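These notes concern the structure reproduced below.
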Amino acid sequence: MIMTKMYKTFLLLLMSFTTSCMTSEIQWDHRVDLDDNFQLLWRVKRPDIIFEVRVRTHGYVGFGFARNEYIYGADMIVGWIDNKHSFFQDRHIPLHSKNGEPVVDPSQDYVLMSGHENATHTILRFRRKLDTCDEKFDVPITNDTMKIVYMYHENEPKRGSLQHGSLPEPELALKPIKSLLILQRPKFERLEMKNDETIETFDVSMKNVTISPSNATKMCRIVRLMANKQGQIVAYKPIFEPYIAKNYIMHMNVYECKHFASQNQVNIIDDDDETACTLLSKFKCNNIVATWSRGSQGFVYPNNVGYPLDTRNVNLYFLETFYEPFKTIGNEKIVDNSGIRFSHTSIKRQNNAGILSVGIQPIWTHIIPPGFRKVTSIGYCTGDANKFAIPPEGITVVGVQMLTHEMGKTIKVRLVRNGKEHYPIAQDHNLDSEYLEYRIISKGVRILPGDDLVVECSYDSYDKSKLTLGGFEAQQEICQATLVYYPRQELLSTCQSKPKTKNFLKSLNIEKLNNAPPFTISLPERYAGKTLEEHLKTYDWKTEFDHFERISKTSPFDIISTGDQRRVLEDDPVNIVHPFVPIASPCELSKQDVFRALVDENSVMNVQQAKSKVSRSSEFSTLNFSNSSQMIRLSCWIAILTLSIFYVVS
C-alpha cells in the first residue's frame, strides 16, 4: 500500500514536472485568437521569429502573410499530423490560383520545431527569419500592418502527398484575411497576467445613446469621477455595450476637464448628449487622456510609466464618440452604452505620461481631390510651435497610434532636428482603416524642444468621383498621429496645422472670395458668381492638380495648438536639408556582395563565397531559438531522467 502511494505520488510529480518544464520553454510575447478555432502565439528575437498555431481540427492547417488585401501571392505554411507523423511545408498561393490552394515553395524557409495533436487540436510550432530574402515567394515581416491569411479543414491530405490538388477543399478552408501588428504590438497580456491586487478599473461610457440611420454621427458625455482617486492609469481598452455597437463606432476620445462642475450641471449634461459636445471648451477639457480608433484593443503603458490620476485636480472626463452612419430596413435603433475602461493603480510609477495629437486639423480645408492613385497630405507641429511646452531634457515617445480613414494607404511620423531628418518615429506602408492599433516603441524616441514633427499621409482617390474633405466622419478623411510620451507636460495636448485662408484660395485659383455666406467668387472672372462649394465640386482637378499640390506643400500655414490655452502660430514648411536615408537591409547587402563578386575577375569563386557567407549568417541567426529550445528540452529530460533513476534506486 505504501509503495502504491509512493508510485502514484511519483507519477503525479513526474507528470507535473514534465508538463511545466515543457510548456515553460518559450514565454510568448503575444497571443491572438484569429477566430474561435484558431489561436496564434508568437515571440520575436531579431532577426528571427517563432510562431505556434493551436487549431481546433485534426485536419490540415495553414498560416501566413498576404501582400495586400487579396490572398493571391500569399506566403504560407501548411501542416498536419498523420498517425503521429508531422507534415509541414513552406508554400505560397499562386497569383492566378483558381481555388486558393497553396503550392510548395522551391525554397523551404520555415522550419518546423514541433507538431502534435491532442484530443481536440492540432498544434504546430515553427520559426523563420523576419526577412528570408526570398522576394518571389516570401513576405517580409516588418513594422507595417501585416495581412494574415489562415486556413483549416477537418480532413488532411493523403499521407505524404505534396501534389497540386492534394489539399481537400482549400476554398472552404481559407478564412477572411485579418490585419495584425506583429513587431510593435502592445502587450495586452502583460496586464492580465500580472495579477496585481492594486489594479482597479473604472468606465467612462455613453449613457443610453440612441444611434440610428437618421441621427447625429457625433455624441458626447461628461462623466464625474469618483472622489479621492489618486494614482496612475496603467492601461485602457474599449468596451462595447451592446457588442453590435462595435460595428458603428469609429473613434472615441477622452479628455480631462479642469472645470469643477456641480453635480446638477453634470446631471443635466447626461440627459442631452448632443448638447454636451458644445461644452468641451467651457469645462476646459483640453488634455487628452485616451484615444481609440476602430480595430484597436487599447493601450498598455510600459512598467515605468502611467497617466496621472488625481481627482483633487481633475474631477471630470469628457467622452467624444464618432459613429458611422448605417443603413437599415425599417426603424432599427441601437441604444449605446459603449466607452473606455481604464485600469489604474495607487502605486506611483516612475514617470507620468502625457498624450500629444499631431497632424492636420480635421476640418474642410483638408482637401483630397478625386481620381488619383496617390495624393499626399502633410501636417506639421514645428519646433517654433512646440518648444515652449517641451522640457529642456525632452520627452520620450513610447507609443503611437496613426490615423487615416478608408483612402489612407501610407502614413509616416517624421522627426526633423536642425534640418536633419532622423529615423521615423513610426510609419506604415500597408494601412488598414479597420485596424488602427497602437504601436509600442520599446526603446523610446526622444523629442527635444524645437524639433519639427511632420505627419505625412498618402491616399488613393482613384475610384472617387467627388473630392473628400477633412473630418472625423466616415465619408471624410483624416491625417493624425497620437503620441504617448513621458514626462508629461501641461502646456500642449494638440498641435495641428491647416492652410492659411489666402493660400488655400490660391491653391484653388481663387483670387477674391466674398467673406459672407454663400461665399461667392468675385475673381477671376471665369469663376465669378460661383459659390465656393460649387467651385470645389466642378473644379478641373485633372488639369489643376499639380498647381494645387505645389501651393499646398510650399505655402505658409497656421498651427493651432491647445493645452493650457489655444494658440495660433503662422509658420513655413519644414526645410529638410538632410533627408533620412534607410540603412540597407541584410538582404540588400547580400545582393550587393553577389553583385560585387560578379564584376570581380574571380567572379565564380567570389559568388560562391558570398552565397556561402549569407548561408552561414542565415544558419547562425536561426539557431538562436533552436539551440535555446534544445538546451531547455535537454535540461528537462535530464531532470526527468534523474527523477526516474532516483525512484528506481529508492
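Per-residue packing, averaged as other Cβ atoms within 10 Å, sorts the ranges 95-104, 538-547, 519-528, 68-77 into the order 68-77, 95-104, 519-528, 538-547, beginning with the highest.
Between residue 503 and residue 304, the contour length at 0.36 nm per residue exceeds the alpha carbon distance by 67.1 nm.
Distances between placed amide hydrogens fall under 5 Å for residue 286 paired with 256, 258, all partners being 5 or more residues away or on another chain.
Rounded to the nearest angstrom and listed largest first, the equivalent-ellipsoid semi-axes of the range 398-553 from its Cα gyration tensor are 35, 19, 14. The calculated FRET efficiency for residue 200 paired with residue 120, based on their beta-carbon distance and R0 = 41 Å, is about 0.70. Working from label points 7 Å from Cα in the Cα-to-Cβ sense, the residue 578 to residue 155 distance is 6.4 nm.
Between residue 28 and residue 247, what length comes free when the chain is fully extended (0.36 nm per residue of separation minus the Cα-Cα distance, one decimal in nm)?
On the way: separation 219, 0.36 × 219 = 78.84 nm, distance 3.02 nm.
So the extension gain works out to 75.8 nm.
In this simple spin-label approximation, residue 443 and residue 463 carry label points 7 Å from Cα along the Cα→Cβ vector, and these lie 3.9 nm apart. With a Förster radius of 56 Å applied to the beta-carbon distance between residue 570 and residue 332, the computed FRET efficiency rounds to 0.70.
Given just the C-alpha atoms of the range 109-258, how large is their convex hull per residue in cubic angstrom? Walk me through the numbers before you get to the answer.
Numbers: hull volume 38.1 nm³, N = 150.
Once divided by residue count, the hull of the range 109-258 is 254 Å³.
Restricting the calculation to Cα atoms, the range 463-583 shows an Rg/Rh of 1.03 when the hydrodynamic-style radius is the Kirkwood one. Other residues within the sphere of radius under 13 Å centred on the Cβ of residue 83, judged by their own Cβ, net out at 0 (K and R +1, D and E -1).
A simple count of charges around residue 574, restricted to other residues whose Cβ falls under 12 Å of its Cβ and scoring Lys, Arg +1 and Asp, Glu -1, yields -3. Rounded to 0.05, the FRET efficiency of the residue 86 and residue 169 pair, given R0 = 22 Å and the Cβ-Cβ distance, is 0.50. Expressed in units of 2.2 N^0.38 Å, where N is the residue count, the Cα radius of gyration of the range 314-415 is 1.52.
Between residue 226 and residue 107, what is the label-point separation in nm under the 7 Å Cα-to-beta-carbon projection? With each label placed 7 Å out from Cα toward Cβ, I get 5.7 nm. Rounded to the nearest 20, the Cβ-based charge dipole of the range 384-425 about its Cα centre (Lys and Arg +1, Asp and Glu -1) stands at 140 debye.
Give me the Kirkwood hydrodynamic radius of the range 408-462, using the inverse of the mean 1/r over all pairs of distinct Cα atoms, in Å to one decimal. Intermediate values should be presented prior to the final figure.
On the way: mean 1/r = 0.0790 Å⁻¹.
Result for the range 408-462 stands at 12.7 Å.
Legend: Rg and Dmax of the range 369-464, from Cα coordinates, 14.8, 47 Å. The slack in the chain from residue 435 to residue 384, taken as 0.36 nm per residue of separation less the alpha-carbon distance, amounts to 15.0 nm. Three semi-axes describe the equivalent ellipsoid of the range 30-128; taken as square roots of 5 times the Cα gyration tensor eigenvalues and ordered largest first, they are 21, 16, 14 Å.
For the range 560-580, the residues whose amide N sits under 13 Å from a probe point set 7 Å from the Cα of residue 281 along the beta carbon direction are 561-563, 565-568.
Each value in this text was obtained by applying a stated rule to the coordinates, not by laboratory testing. A quick note: this is a predicted structure, and the numbers were derived from the prediction, not measured. Note that each Cβ is placed from the backbone with ideal geometry, even for glycine, and that neighbours are counted across all protein chains shown.
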